[in-house]
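Reading through the structure tokens given below for one structure.
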Amino acid sequence: MTKEMSDMEIALFWAGHIENPCTTIVNGREENIREFYLREAKETVMPRLSEEYAKKFLQSVIDRYA
């Protein structure tokens, strides 16, 4: 049986990736992909959250890095 993630678990997952983004090699240089996580959090994740505290928390993390 799989458990569906709560809104706060989803917000924490995305916040962790925004604060500590993965890196990738672009034109021979290592760059983080924070912009990808920020864009996805804003456009895809935030509209699907219904728990108000989770939305406020994730928005505060987005605002810190946007």
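The values are calculated or read from the model by the stated rules, or taken from the named source; none is laboratory data. The structure presented is a predicted model; accordingly, all values stated were derived computationally and were not measured. Ideal geometry is used to build each Cβ from the backbone, glycine not excepted, and the neighbour counts take in all protein chains shown. Side chains included, ligands, DNA and RNA excluded: accessible areas come from the protein's heavy atoms. Shrake-Rupley method; radii C 1.70, N 1.55, O 1.52, S 1.80 Å.
Selection of first residues in segment 52-66 that are more than 12 Å from Ala15 (Cβ to Cβ) and of second residues that are assigned to a helix (DSSP H, G or I) and open to solvent by 60 Å² or more (accessible area, probe 1.4 Å), restricted to Cβ pairs under 9 Å at least 6 apart or on distinct chains, gives the following pairs, ordered by first then second residue: Ala66/Lys42.
Residues that are of a type in the set (Lys, Arg) and under 15 Å from Tyr65 (Cα atoms) were ranked within segment 1-45; the one that is surrounded by the most Cβ atoms within 10 Å (Cβ to Cβ) is Arg34. In summary, Pro47 fulfils each of the numbered conditions (1) without any contact (Cβ under 8 Å) to a residue 12 or more places away in the chain; (2) in contact with a helix residue (DSSP H, G or I) (Cβ under 8 Å, 6 or more places away or on another chain); (3) of a type outside the set (Lys, Arg); (4) assigned to a helix (DSSP H, G or I) with the single exception of condition (2).
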